[in-house]
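Down below is the structure, laid out as structure tokens.
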Amino acid sequence: MRSRIMLIAAALVFLHAKGALAASNDEIQVYDDAINKPGEWGLDTHVNYVRSGVTTPAWPGDAPSSHSLRVTPELSYGLSKTWELGAYLPLLKVADGTKYVEGAKVRIKYMAPSDGDSFYWGLNQELGWVSLRSAEQHWNVEIRPIFGIRTGKWNLTVNPIIGFELSGPNKEIPDFSPAFRASYEVANNLSLGLEHYAGLGKLEHISPYGQQSQDTYIVVDTELAGCAINFGVGKGWNASSDKWTVKAIIGTRF
């Protein structure tokens with residue numbers, strides 16, 4: 001337990017680092033069939049950085065991602081074999097070193113019983129209030145379908161994410177942000193993978209490629225001192241993406 005606490009504390013220490021990297025998202029993750037057991041608690045700490053990122057605000061009040069840092073503790077609880085609750089506390093350190101609590105988010109996740117099948121599916125729904133430094137509107141909803149296949153040592157997952165703003169001129173007009181992950185287990189408790197995240201704009205009118213965000217990550221998943229570790233380095237492919245991003249998720253169950 002001491003080792004787990006030290007790992008999580010080490011992630012939070014990054015809030016005080018000088019010359020910090022940056023991150024535009026408080027959670028960079030493709031959801032698969034992982035779910036807490038009934039009565040089991042989980043604590044995942046998301047630490048996201050961008051070495052070189054966007055410097056121009058996308059809307060009034062926006063905090064550009066370049067040379068900022070986001071740390072997001074996520075607490076989860078298994079309600080049953082198929083249902084899980086979660087809550088986030090997004091934290092932000094902007095380029096000048098100022099630190100903020102960005103708001104709060106809650107989610108509920110459902111994973112259908114797989115009965116040993118290689119195919120799995122589920123649905124995660126999230127409601128959040130965040131500052132205008134992190135989103136164009138305070139209240140937002142995310143609907144994240146989960147579809148995946150486990151075959152041999154491969155795990156392939158896609159999240160066709162739909163997002164809604166609950167206020168403002170684009171209220172209830174959905175954004176489309178699909179995400180994909182392919183991972184391969186190279187050894188016990190060690191997997192290598194590729195993740196891709198795309199922000200395509202409004203679902204009713206997909207943005208031209210040059211106005212989209214397209215980010216690809218090389219990731220490693222392993223276990224250390226009883227904690228699950230996901231570490232990745234990402235490359236953005238156009239002007240709407242951060243050029244280089246480093247992300248980590250440190251998780252434990254109790």
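Please treat every number below as a calculation from the coordinates, not as lab data. Small disclaimer: the values here were computed from a predicted structure and weren't measured. Cβ atoms come from the backbone with ideal geometry, glycine included; neighbour counts cover every protein chain shown.
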Handout entry: Contact order normalised by residue count of the chain, Cα under 8 Å, 6+ apart, percent
Key = 17
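Filter K93/K235; K109/K153; K93/K153; K37/K105; K99/K243; K93/K202 down to the pairs with a C-alpha to C-alpha distance above 32 Å, please. If you can, show how the numbers build up before the last one.
Working: K93/K235 21 Å; K109/K153 25 Å; K93/K153 38 Å; K37/K105 22 Å; K99/K243 23 Å; K93/K202 29 Å.
Checking Cα-Cα distances, K93/K153 exceed 32 Å.
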Fill in the blank from the handout: The simple spin-label model distance between K81 and Y209, using points 7 Å out along Cα→Cβ, in nm, is 4.6
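Sort 202-209, 169-176, 59-66 by the packing proxy (mean of other Cβ within 10 Å over each peptide's residues), most packed first. Intermediate results must be reported in sequence, preceding the final value.
Values: 202-209: 11.0, 169-176: 13.4, 59-66: 16.4.
Output ranking for 202-209, 169-176, 59-66: 59-66, 169-176, 202-209.
Can you give the FRET efficiency for V141 and A34, using 1/(1 + (r/R0)^6), R0 = 30 Å, r = Cβ-Cβ distance, to the nearest 0.05?
Working: r = 22 Å, r/R0 = 0.75.
It comes out at approximately 0.85.
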Practice task
Find the centroid of the Cα atoms in segment 23-84 and in segment 105-163, then give the distance between the two in whole Å.
Solution key: 12
Handout entry: Which label in (1) 7, 27, 28, 19, 13, 5, 1, 0; (2) 7, 28, 35, 22, 6, 2, 0, 0; (3) 7, 29, 41, 20, 3, 0 gives the computed P(r) over Cα pairs in 10 Å bins from 0, in percent
Key = (3)
Handout entry: Karplus-derived 3J(HN,Hα), 6.51/-1.76/1.60, for each residue of segment 151-167, Hz, glycine and proline x
Key = 9, x, 9, 9, 9, 10, 9, 10, 10, x, 7, 10, x, 10, 8, 9, 8
Completion exercise
Once both label points are put 7 Å beyond Cα along the C-beta direction, the I108-L89 separation in nm becomes 2.4
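If you take every residue apart from N140 with its C-beta less than 10 Å away from the C-beta of N140, what net charge results, scoring Lys and Arg +1 and Asp and Glu -1? Walk me through the intermediate numbers first.
Numbers: positive: K105; negative: E126, E136, E142, E165, D175.
Here the charged neighbours net out to -4.
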